[in-house]
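Worksheet: one structure, shown below.
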Amino acid sequence: MADAVALPGGAQEKIGRGWGLLLLYPVLAAFVLLFVAYPVAELFSRAVMVDGKPTLAVLGKLVADPFSRKVFWNTLLLGAVVAVLGTVIATAFAYAMTRVAIPLKGMWHFLALLPTISPPILMALGLILLYGRRGLVTHELLGIQTTALYGFRGLVLAQLISYFPFAYLLMLNLFRGLDASLEEAASTLGANAWQVLRTVSLRLLMPGLAGSVLLLFSYSFADLGNPLLLGGDFPVMSSQIYQSIIGLYDIPQGACLALLLTLPAVLMFFAHKQLSARTAFATVGAKGSSRHRLVRHRGARAAALAFVGLVSLVIVLQYMTIIAGATTQLFGINYTITGKHLVAALTKSRGALLDTFTLAVVSSAVSVVLGLLIAYFVARTELPGRSWLDFVANLPLAIPGTVIGLGFALAFSGPPIVLTGTAAIIVIAFSVRSLPYGIRSGVAALDQLHRSLDEASTTMGATGGQTLWRVLVPLVRPALLAGMVFSFTRSVTTLSAVIFVVSPHWSLVTPTILSQMDRGDVGEAAALSLMVVVMVLLVVHGVPHLLGRDWREAR
Amino acid sequence: MTTAHTTPAKELRISRLDKSYAMSRGRSVPAVRDFNLTLAPGEFVTLLGPSGCGKTSVLRTLAGLEDFEAGEILLDGRSIARLPAHQRRIGLVFQNYALFPHMSVFENVAYSLRLRREPDRQVRADVAHALEAVGLSEFGPRLPGQLSGGQQQRVAVARALVMKPDLLLFDEPLSNLDAKLRVQVRAELRRLQKSLGTTALYVTHDQDEAMSLSDRIAVMRAGRVEQVDAPEAIYARPATLFVAGFVGKVNALPGRIVARGADAVTVETLGHRLEQPAVPGAPGPDVLVLARPEALQLVEPGPGMPTGTVEMIEYLGDRTEYRVRVGSTQVTVIETALARHRRIAEGEPVGLAFVARAIHLLPPEAGTPS
């Protein structure tokens, strides 16, 4: 009885003292509505509104047009092939790394993850230098002049190299998380390594495999750089949006294409979300073991090593080629060693490098701080509308970068808010794209903290803001820094999200590389790509070192 | 109970087993050192020891789930040491049961038979037998997640039994059950193993479990076997103070053999002389006198007996524990509820009487940590 009386008073008290922090809630909600919901809504309204009147004419024309239909099916076909092949490669790679006794695992892991910190157009560039019309392998070694790279095959190859590592990371964690005793039980019951994999591990990882397929599907959908450079006679949606806007300046058609690209992407995203919620049952419980026994069979080890080595070789070749392209006069024509491209990358393109670095750092901080606040409101308060806030803020995960970028360009080029040509539009575009990851790291970090910590702080008289700043932030700092590094990487390497919002005042590396390649400045493009990779590597590996031991351990 | 599963029981001989775990920077920590143990066909032996003593490592090495540096493992004289786990025909019941969550109870139990490509009719019959043996005939279509902990445990046993293993291994299979169920299931396990006659090795840190289940107990400490013997012998005649302490409370008192007869010795402890049957190779003259708390009785203080002061009394329902200070040593005495004839208070002087022939003598070095 006494409790029932005391509770409402206590709750009031808590809200009363936390009002300072609560003021931020409407600010956050406004930010998310303005910079996530509004640009996308604006873009879609351009698709179905012409001269202020609603119409389905543009959409209807597009759907009826055989070429557009072909583009749509192309996109799906490319996505499906990349998703399935990528999942197979990623799963085999993750299996070799977690279950087979092979040497140099640290190196294979590092190499496999290199593409995750590189701009995807770097893959297109490397492939062109190796296998293009004047490619090192095709022209110099095989003596053929072929355009076979341009089109479907080249796109599959480029997207596989660019995106299989993300699927590999997913599968790696799932393989590591499988309860080891299940596989051990299977082997004591008479299953050999292959039977264990087939009847137990893969069965348990089914939701994860499906998740990987959907993940790769959405990456393939969103990719712009590779289709622009390698698409050839195989146009896909993202490159068609670019052509519509930049080439034809047909905004309604571009907007319609964006709408058609978004629908399947969002569907896949939610299917993926459903599936990942279901993988939970397959992972280690408190009583399980995660020490997995490694396969020692000679043949299996040799096969795993050969496979892992081959995949790594393909990746290494890309980077070696970029390095070669950056240090020779004109790769494919004149192989004289020169330092001029590297010098150019550090002089002519210095602005792009510095701008990219600065804007990416600022926006990584913005996305992580906003992400933490949203995570706090979602996980730790009962405020109305918080699940909607969470939903909208997470949409950029589902919506392809091209769509967000185009939405920004259209929404903020005129009243009520004009941001075109400013640094703000780039920072906000970066931040919005990284916001879901900011929220994710925030939620994960907050979930690890027991609720009693902030209750204890509150009983000692702290306000909501003081609790957040003095108790929660220090404890979640490692996760936040990891989130910042991730967000930074994502911003530096994206092309699709920024290609429509760059301006002469603020240039960024990925659009610069794209235009260098359009001009045929292969050397400069390669040199600048190399600088980007070095910059990201320094941040990814340098930040943990600067921050010391406890941060690395916390990861 | 069915006997259809019985195969001729096999003898297990483990000799000079050495196993260590690799740590970072090339260092390694020994887990099992010079381990020797032989199980007679059909015998139920328990490895008993504190956590980290290497008992689970021995079990996993037998199952083929761990590599080891040296030693030999023979089943009926045939070495299995180099065979991969899936060719050993050794059934292992895991601590967490390790049931496949994506397969029904039936499919879990049928797993090994399906791998051997047994005909479908045979599979059905064998699985039905195994599920019947553990009392779960009705549960075939269920998923493991729909079963209670005790039922999951029995499915795990059925899954191990159905493959007619040469050897059954149990890795603390009862530790995830609540106390009441544990007592019930352990009786069932014992009955099942006896009826099948399969040689079995069981790992636990619970001495009650070890005592009630085993033909013999091997007490392990720091990777070695400290003593292998029948449960009664382990309790009454422990080889070391560690063994004595691991299977129950014990008073270890310094003593001295003052006289040796043909079939008895006289030992002096706590200033008191006791007659004790002579054991071959009896130590002396300095000895460690092991007296279980129930081997001592509290009596009216009088001449010719050790006397002391009651320092603490712990009432535990079915029994009462007394800490009595005798000179510089503290001894523990347990009195069952019915044996208590008089209320004793803390601080009161008491006399101690030894129950005849209930003590055990060890050389003093058996009490030092190895």
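The values are calculated or read from the model by the stated rules, or taken from the named source; none is laboratory data. Because the structure is predicted, anything quoted here is derived from the model rather than measured. Virtual Cβ from ideal backbone geometry, glycine too; neighbours counted across all protein chains shown. To get the accessible areas, we keep the full protein, side chains included, count just its heavy atoms, and leave off ligands, DNA and RNA. Shrake-Rupley method; radii C 1.70, N 1.55, O 1.52, S 1.80 Å.
Tabulated data for the structure shown
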{"item": "Lys, Arg +1 and Asp, Glu -1 on Cβ, resulting dipole of the stretch B:249-367 about Cα centre, debye, nearest 20", "result": "100 debye"}
{"item": "Distance from the stretch A:293-308 to the stretch A:59-103 (C-alpha centre basis), Å", "result": "27 Å"}
{"item": "Spatial separation of Cα centroids for the stretch B:207-281 and the stretch A:166-193, in angstrom", "result": "46 Å"}
{"item": "Gain upon complete extension [residue A:306, residue A:358; 0.36 nm per residue less C-alpha separation]", "result": "14.6 nm"}
{"item": "Three semi-axes of the equivalent ellipsoid, the stretch B:12-241, Cα gyration tensor, whole Å, largest first", "result": "29, 21, 17"}
{"item": "Cα centroid of the stretch B:136-161 to Cα centroid of the stretch B:96-132, whole Å", "result": "11 Å"}
{"item": "Compactness of the stretch B:60-158, expressed as Rg and Dmax over alpha-carbon positions, Å", "result": "15.4, 46"}
{"item": "FRET efficiency, 1/(1 + (r/R0)^6) with R0 30 Å, evaluated for residue B:120 and residue B:74 via beta carbons", "result": "0.25"}
{"item": "Estimated distance in nm for a label pair at residue A:144 and residue B:249, the labels positioned 7 Å out from Cα along Cα-to-Cβ", "result": "8.7 nm"}
{"item": "Distance-filtered residues of the stretch B:85-106 - backbone nitrogen under 13 Å, label point 7 angstrom along residue B:132 Cα→Cβ", "result": "none"}
{"item": "Label point distance in nm, residue A:41-residue B:194, each placed 7 Å from Cα along Cα→Cβ", "result": "7.7 nm"}
{"item": "Accessible-area composition of chain B, carbon plus sulfur, in percent [1.4 Å probe]", "result": "51 percent"}
{"item": "Modelled label reach - residue B:83, point 7 Å along Cα→Cβ, the stretch A:165-191 residues with backbone N closer than 18 Å", "result": "A:184-191"}
{"item": "Partner chain coverage, peptide A:174-185 - average Cβ within 10 angstrom", "result": "4"}
{"item": "Calculated on alpha-carbon atoms, Rg and Dmax of the stretch A:221-262 in Å", "result": "9.6, 26"}
{"item": "Overall Cα dimensions of the stretch A:92-178 - principal axes, largest extent first, Å", "result": "48, 23, 19"}
{"item": "Calculated FRET value between residue A:453 and residue B:309, using beta carbons and R₀ = 45 Å, to 0.05", "result": "0.40"}
{"item": "Protein accessible area in the stretch A:273-423, 1.4 Å probe - carbon and sulfur %", "result": "67 percent"}
{"item": "Percent antiparallel among DSSP beta bridges (both partners in the stretch B:12-241, rounded to 5)", "result": "55 percent"}
{"item": "Sparse-neighbour loop sites [chymotrypsin sites (Phe, Trp or Tyr not before Pro); the stretch A:184-268; at most 16 other C-beta within 10 Å; DSSP]", "result": "A:249"}
{"item": "Probe 1.4 Å, accessible area per residue of the stretch B:249-367, Å²", "result": "53 Å²"}
{"item": "Three-way shape call for chain A based on the alpha-carbon gyration tensor, with the a/c threshold at 1.5", "result": "oblate"}
{"item": "Fluctuation leader among B:23, B:220, B:312 - chain B, Gaussian network, Cα springs under 10 angstrom", "result": "B:23"}
{"item": "Packing-based ranking, highest mean first, of B:244-251, B:348-355 given that Cβ atoms within 10 Å are counted", "result": "B:244-251, B:348-355"}
{"item": "About the Cα centre, charge dipole magnitude for the protein assembly as shown (Lys/Arg +1, Asp/Glu -1 at Cβ), debye", "result": "1540 debye"}
{"item": "Two-decimal Rg/Rh across the protein assembly as shown, once Rg and the Kirkwood Rh are taken from alpha-carbon atoms", "result": "1.09"}
{"item": "Potential lengthening between residue A:424 and residue A:338 on full extension [0.36 nm per residue; Cα-Cα distance subtracted]", "result": "27.2 nm"}
{"item": "Using distinct alpha-carbon pairs, which all enter the 1/r mean, Kirkwood radius of the stretch B:249-367 in Å", "result": "14.8 Å"}
{"item": "At R0 = 60 Å, FRET efficiency that the Cβ-Cβ distance of residue B:208 and residue A:316 yields, to 0.05", "result": "0.50"}
{"item": "Probe 1.4 Å, all protein chains present, accessible-area order of A:118, B:212, largest first", "result": "B:212, A:118"}
{"item": "Value at 222 nm in deg cm²/dmol, rounded to 500, when DSSP H runs of n ≥ 4 in the protein assembly as shown each add -39,500 (n - 2.57)", "result": "-16500 deg cm²/dmol"}
{"item": "Exposure rank, largest accessible area first [A:270, B:68; 1.4 Å]", "result": "A:270, B:68"}
{"item": "Heavy-atom accessible surface that B and A bury in contact, both chains counted, 1.4 Å, Å² to 100", "result": "2200 Å²"}
{"item": "Peptide B:81-89 - average C-beta neighbours from other chains (10 Å radius)", "result": "4"}
{"item": "Flagged links, alpha-carbon separation over 28 Å, of A:105/A:340; B:10/B:55; A:105/A:348", "result": "A:105/A:340; A:105/A:348"}
{"item": "Solvent exposure, largest accessible area first (probe 1.4 Å, DNA, RNA and ligands not counted), of B:336, A:188", "result": "B:336, A:188"}
{"item": "Contact order normalised by residue count of the stretch B:249-367, Cα under 8 Å, 6+ apart, percent", "result": "29 percent"}
{"item": "Gain upon complete extension [residue A:57, residue A:206; 0.36 nm per residue less C-alpha separation]", "result": "49.4 nm"}
{"item": "Spacing of the two label points (7 Å from each Cα toward its C-beta) at residue A:538 and residue B:299, in nm", "result": "8.9 nm"}
{"item": "Mean accessible surface per residue for the stretch B:12-241, computed with a 1.4 Å probe while every protein chain stays in place, in Å²", "result": "40 Å²"}
